[in-house]
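Below is one structure, written out as structure tokens; comments come after it.
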Protein chains: 2
Amino acid sequence: MATTAAGSRELAHPERVGIRLEGVLHALSDPMRLLIVRDLAAAECELACSAFALPVSKSTSTHHFRVLRESGVIEQAYRGTAKMSGLRRDDLEELFPGLLDAVLAAADAQAGRD
Amino acid sequence: MATTAAGSRELAHPERVGIRLEGVLHALSDPMRLLIVRDLAAAECELACSAFALPVSKSTSTHHFRVLRESGVIEQAYRGTAKMSGLRRDDLEELFPGLLDAVLAAADAQAGRD
């Protein structure tokens, strides 16, 4: 896990080389986290955490975002008072070509059947 | 979870419609289970559990095979005294096109970097 010393509001992210397939798959193996990732993929831009209407408590939501960030699926940064999140598409595509799109397509297919 | 009543040696498998993306991703999010799935994909046929040289105890190995089976990633059956395992390629491909191949390619890519 790469960390920075730039201040308490800097959030820890793994460098690209530290992103592990097992961690990415684990991060994506939860319905709430899949929902977050699908929303970020659909938005094609950074979203504030408050933009997600998740049916869970704030602390649970924060936990899910942290799992996604620490696994390397998303990056997060403070912009003023907002915590913004975005998919690490380039890093994931470089490491695991086609994986994120296959998972997103699978999630869409499953949502279409539910 | 679909179960059968055909005897104690019948193993429970989910029907295709009961296979969930989250469960599949969770099953694949463990290094040992990824290893099993890669071996099965390379073999392109059923393998006996004893064919896998996993660096874990028998009970841990059995646990991993059960997680893979109960999530719908593999099917298992007794043939005489051997418990044989095979990938549920057709079911996974029908439900989540391209997903298994993307995960296998990602696992190959990661193994090549390690």
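In this simple spin-label model, placing a label point 7 Å from the Cα along the Cα-to-Cβ direction at both B:VAL56 and A:ALA42 gives a separation of 3.6 nm.
Of all lysines in the structure, the ones whose alpha carbon falls short of 18 Å from that of A:LYS83, not counting any fewer than 8 places away in one chain, are A:LYS58.
Chain B comes nearest to the axis taking it onto chain A at the Cβ of one residue; that residue and its distance, in whole Å, are B:ALA102, 2. Summing +1 for each Lys or Arg and -1 for each Asp or Glu among the other residues whose beta-carbon sits under 9 angstrom from that of B:PHE65 gives +4. Under the convention that each Lys and Arg Cβ holds +1 and each Asp and Glu Cβ holds -1, the size of the dipole of the range A:16-103 around its Cα centre is about 400 debye. What is the distance in Å between the Cα centroid of the range B:7-72 and that of the range A:60-89? A separation of 32 Å, based on Cα centres.
Electrostatic bookkeeping for B:ARG113 treats Lys and Arg as +1 and Asp and Glu as -1; over the other residues with beta carbon under 14 Å from its beta carbon, the sum is -4. Placing a label point 7 Å from the Cα of A:THR60 along the Cα-to-Cβ direction, the distances to the matching points in the other copies come to 3.2 nm, shortest first. Averaged over residues, the count of other Cβ atoms within 10 Å places the peptides B:77-84, A:25-32 in the sequence A:25-32, B:77-84, highest first.
By the equivalent-ellipsoid construction on the alpha carbon gyration tensor, the protein assembly as shown comes out with semi-axes of 35, 19, 15 Å, ordered largest to smallest. Between copies, A:ASP114 shows label-point distances of 3.2 nm, shortest first, with the point placed 7 angstrom from Cα along Cα to C-beta.
In debye, nearest 20: dipole of the protein assembly as shown around its Cα centre with unit charges on the Cβ of K, R (+) and D, E (-)?
With Lys and Arg at +1 and Asp and Glu at -1, about 780 debye.
Per-residue ellipticity at 222 nm from helix content only, as computed over chain B with -39500 (n - 2.57) for each DSSP H run of at least four residues, stands at -15500 deg cm²/dmol.
Peptide B:88-97 is shielded by partner chain Cβ atoms: per residue, an average of 2 of them sit within 10 Å of its Cβ.
Only alpha carbons enter this Debye calculation for the range A:52-98, each as an equal point scatterer, and the log10 of I(q)/I(0) it gives at q = 0.19, 0.32 Å⁻¹ is -0.68, -1.16. Report the residues of the range B:10-28 in range of a label on B:TYR78: point 7 Å along Cα→C-beta, backbone N strictly under 19 Å from it. Flagged as within label range: B:10-14.
We did not get these values from a lab; they are worked out from the coordinates using the rules stated. What you are looking at is a predicted structure, and each value in this text was computed from that prediction instead of being measured. Methodologically, a virtual Cβ is constructed for each residue, glycine included, from the backbone with ideal geometry; neighbour enumeration extends over all protein chains shown.
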